[in-house]
Amino acid sequence: MRIDQYLWCLRYFKSRTLASTACKKGQVRINTQVVKPSREVIPTDKVEVRIRQINYEFTVLDIPKSRIGAKLVDIYRMDTTPKTAFEAQEMQDYSQEYYRQKGEGRPTKKDRRELDDYREDI
């Protein structure tokens, strides 16, 4: 089975087009080599996929015949993604929450005092 079809079947991407685009951009690796969308996947391959700044890593256990339900995904792959990848993403999301929304204008005196207090605590 092709790698783009495999990633689509295991629900890493919503469409095969998105999966093949990720392969073309170099975001998919099999056994540490960047691959084309047409690369065949066999059991025991180690696959690394970069989605939304997280490097998902898994080992291919079996090849599905078609797209499968989300509950059955673990039958076909063994997830080896390190927990630190998810923690880093969570910290990045948390740090971006503070920034002001576009159109809110300049910070008020109260906002400035809160910023100063926050910086003193660090």
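Please treat every number below as a calculation from the coordinates, not as lab data. The structure presented is a predicted model; accordingly, all values stated were derived computationally and were not measured. Cβ atoms come from the backbone with ideal geometry, glycine included; neighbour counts cover every protein chain shown.
Some values worked out for this structure:
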quantity: Dipole magnitude of the chain about its Cα centre (Cβ charges: Lys, Arg +1; Asp, Glu -1), debye to nearest 20; calculated: 780 debye
quantity: For region 28-36, Karplus couplings with θ = phi - 60° (6.51, -1.76, 1.60), whole Hz, Gly/Pro x; calculated: 10, 10, 10, 6, 6, 10, 5, 10, 8
quantity: Lys pairs under 23 Å by Cα in region 3-121, provided they are eight or more residues apart or on distinct chains; calculated: 17
quantity: With Cα atoms, 0 to 90° folded angle of helix 109-121 axis to the chain main axis; calculated: 70 degrees
quantity: Percent of Cα pairs exceeding the 24 Å cut-off, where the set is the chain; calculated: 43 percent
quantity: Prolate/oblate/rounded call for region 1-48, Cα gyration tensor, a/c under 1.5 rounded; calculated: oblate
quantity: The chain, helix-only ellipticity at 222 nm - DSSP H runs n ≥ 4, -39,500 (n - 2.57), divided by all residues, nearest 500; calculated: -11000 deg cm²/dmol
quantity: Length-normalised contact order of region 6-122 in % [C-alpha pairs under 8 Å, at least 6 apart]; calculated: 18 percent
quantity: Förster-model FRET efficiency, 25 Å R0, residue 17 and residue 68, C-beta, rounded to 0.05; calculated: 0.85
